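I have placed the structure first, in the form of structure tokens, so that the comments after it can refer back to it.
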Amino acid sequence: MGTAMAQNKSFAEAAVAIWAITPNGLALGQKLCAHVKQARMFVSTSLENKSNENKIPSETGDSGGRDGNQVTPTEVCDIPVFFHRLSEAVSEQFHAYDCHVFIFSTGIAVRILAPLVVSKLTDPAVVVLDDKGLHAISLISGHIGQANTYTRHIARLLSADPVITTATDVNYLPAIDVLAKKLGLFIETPKAIKIINMAFLQNRAICLHDPLHLLEPWIPAHLIAHASLQEPTVVCDWQKQKVSRETLVLRPGVLAVGIGCNRNTPFDVIYDFFTTTLNTAGISVHAVAVLATTDVKQDEPGILELAVHLKIPVQFYDTPALASVKTIQTPSAMVEKHLGVKSVCEAAAILASSNGTLVLPKKKNQDVTLAVALHPTGSLLSAPDQVM
């Protein structure tokens, strides 16, 4: 589970794998490499002599990619990775890059990708170029993966025709998954995306529950129904409610959780209390954008592991900062005795939420305490990630 979405990346900043199996493909790939900081050329061994003629040395290993070291465009393009079997090479590298550019037919691309694709929320973008660079085709992950955006950029670089087939784009309508990513909203029910986008295509208004008004300004007014008695078809809220399976549920990262624990409390104990407490209170875990605690806990393994597991940051506050909070609801004499402050979890939650409002005062068991605060204006504290 993750609640912090990676920021949108431009094509120039994305980790891009460029695949070539012909001399023309090699030349087109080199042109693209010059415009991408984290590009890597994957070249068929049949082109090795051609590459050597162009003074491009061979390399058997891989560097760069989404988690690799950044290198300059010249360094990346001058050291391609040669492969023998295209399908095996793509399978090994598929999830290591933000975008793959295939310079060969869509038929080859489809057959290679068929066993690899999992979800539009996690699959990388794939753009296909023909061997002459006449057409750039957005193949998969057009919205959340940004293949549509990358396709248009590639087309501009090569003076090619961009081929975009997603219905909302060609009809100049909003796509709810694009809006969710742009606004940093966690998509809790991705199967409902197609229902909402189809409603837009059919010019049918949706019933929107959006108490923080995060989504409403981005949707044309005529596509929003205002019949308050109807069950919502889109929910954008940090609070949980019963909805139908067809409802698109989006979670804004507007909450900060202040947390404390006894020294060396195991991660499992902390995580179980965290999830159980929030679920009981009707608070979505996916709306939590940050953890917060005292700086005494900077080396607390369970809290650090919780932050890693949730893929959100943890903020630490010193005693003067915690003591400065005057709106705590549940002071603790024991905490004051040991740390010199009346509260850790409530004070930390309020601080991390930009002096927000407690929506869940301190809850505790024998090992863990936590409290939840909402940003005072309902603004996002961070952008959630589409990783479940």
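The values are calculated or read from the model by the stated rules, or taken from the named source; none is laboratory data. Treat the numbers as computed from the prediction; the structure is a model and nothing was measured. Using ideal geometry, Cβ is built from the backbone for each residue, glycine included, and neighbour counts are taken over all protein chains shown.
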Considering each residue of the stretch 193-214, count those that are in a loop (DSSP other than H, G, I, E, B) and surrounded by fewer than 19 Cβ atoms within 10 Å (Cβ to Cβ), and give that number.
8
Scan the stretch 216-259 residue by residue and report those that are among the hydroxyl-bearing types (Ser, Thr, Tyr) and surrounded by 12 or more Cβ atoms within 10 Å (Cβ to Cβ).
THR233, THR247
Out of the residues in the stretch 182-192 meeting the condition of being within 16 Å of the chain's Cα centre (by Cα) and assigned to a helix (DSSP H, G or I), tell me which one is nearest to VAL235 (Cα to Cα).
PRO190
For the stretch 228-318, list the strands (runs of 3 or more DSSP E) that sit wholly inside it and hold at least 3 residues that are within 19 Å of PRO361 (Cα to Cα) and without any contact (Cβ under 8 Å) to a residue 12 or more places away in the chain; which are they?
none
Looking at the stretch 300-332, which of its residues are among the charged types (D, E, K, R) and more than 16 Å from GLY260 (Cα to Cα)?
LYS311, LYS326
Identify all residues within the stretch 157-195 that are touching a strand residue (DSSP E or B) at 6+ places or on another chain (Cβ under 8 Å) and more than 23 Å from VAL254 (Cα to Cα); write none if there are none.
LEU158, ALA160, ASP161, PRO162, VAL163, ILE164, THR165, THR166, ILE195
Provide a single number: the residues in the stretch 98-137 that are in a strand (DSSP E or B) and of a type outside the set (Phe, Trp, Tyr).
12
If we ask which residues in the stretch 297-306 are buried (at least 17 other Cβ atoms within 10 Å of the Cβ) and hydrophobic (A, V, I, L, M, F, W, C), their number turns out to be 2
For the stretch 122-157, give me each residue that is of a type in the set (Asp, Glu) and buried (at least 17 other Cβ atoms within 10 Å of the Cβ).
ASP123, ASP130
Go through the residues of the stretch 84-97 one by one and say whether even a single one is closer than 20 Å to MET41 by Cα and assigned to a strand (DSSP E or B).
no
From the options SER343, SER284, residue that is modelled with pLDDT under 95 and touching a helix residue (DSSP H, G or I) at 6+ places or on another chain (Cβ under 8 Å)
SER343
Report yes if HIS143 is at pLDDT below 95 and either of a type in the set (Ser, Thr, Tyr) or assigned to a helix (DSSP H, G or I) (or both), otherwise no.
no
Just wondering, is there one or more residues in the stretch 186-200 that are under 26 Å from GLU13 (Cα atoms) and acidic (Asp, Glu)?
no
Look through the stretch 158-181, keep the residues that are in a loop (DSSP other than H, G, I, E, B) and among the polar types (S, T, N, Q), and return whichever of them is surrounded by the fewest Cβ atoms within 10 Å (Cβ to Cβ).
SER159
Pairs, please: C-beta under 6 Å, at least 6 apart or cross-chain, first residue over 16 Å from VAL372 (Cα atoms) and in the stretch 323-343, second at pLDDT 65 or above and in a loop (DSSP other than H, G, I, E, B)?
ALA323/VAL341; VAL335/VAL344; GLU336/LYS342; LYS342/PRO331
Go through the residues of the stretch 215-225 one by one and say whether even a single one is under 14 Å from LEU185 (Cα atoms), part of a loop (DSSP other than H, G, I, E, B) and modelled with pLDDT under 95.
yes
